[in-house]
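Asker: Before I ask anything, let me first share the structure, which is written out below as structure tokens.
The values are calculated or read from the model by the stated rules, or taken from the named source; none is laboratory data. Note that the structure is a prediction, hence the values are computed from the model and not measured. Using ideal geometry, Cβ is built from the backbone for each residue, glycine included, and neighbour counts are taken over all protein chains shown.
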Amino acid sequence: MEKIYSCEQVAERYGVAVSTVWEWIRNKKLPAVKVGKLYRVKESDLVSFEQNNKTVKD
């Protein structure tokens, strides 16, 4: 099963505020699944997010 992250864990991973992660989700920059009142982010979506937001393309 794929690892799932909370918004707090994503924020910690990237060194940003949780509100920034919520903004990425609202603006459809980062896909997420809403579980109850909370969002969860799949590891594969984080990898895609990183690839799509590189400043230098490989």
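Asker: Need pairs with beta-carbon distance below 7 Å; first residue closer than 16 Å to E50 by Cα and within the stretch 13-32, second surrounded by fewer than 13 Cβ atoms within 10 Å (Cβ to Cβ); sequence gap 6+ or separate chains.
Answerer: Every condition considered, no pair remains.
Asker: Counting only residues that are within 11 Å of V41 (Cβ to Cβ) and aliphatic (A, V, I, L, M), which one in the stretch 3-28 is farthest from the chain's Cα centre (by Cα)?
Answerer: Among residues in the stretch 3-28 that are within 11 Å of V41 (Cβ to Cβ) and aliphatic (A, V, I, L, M), the one farthest from the chain's Cα centre (by Cα) is I4.
Asker: Against the condition touching a residue at least 24 places away in the same chain (Cβ under 8 Å), among the small types (G, A, S) and in contact with a Lys or Arg (Cβ under 8 Å, 6 or more places away or on another chain), how does S44 come out, does it pass?
Answerer: For S44, the condition - touching a residue at least 24 places away in the same chain (Cβ under 8 Å), among the small types (G, A, S) and in contact with a Lys or Arg (Cβ under 8 Å, 6 or more places away or on another chain) - is not met.
Asker: Among the residues of the stretch 15-47, count how many are exposed (fewer than 13 other Cβ atoms within 10 Å of the Cβ), in a helix (DSSP H, G or I) and either modelled with pLDDT under 95 or not charged (D, E, K, R) (or both).
Answerer: Qualifying residue count for the region: 3.
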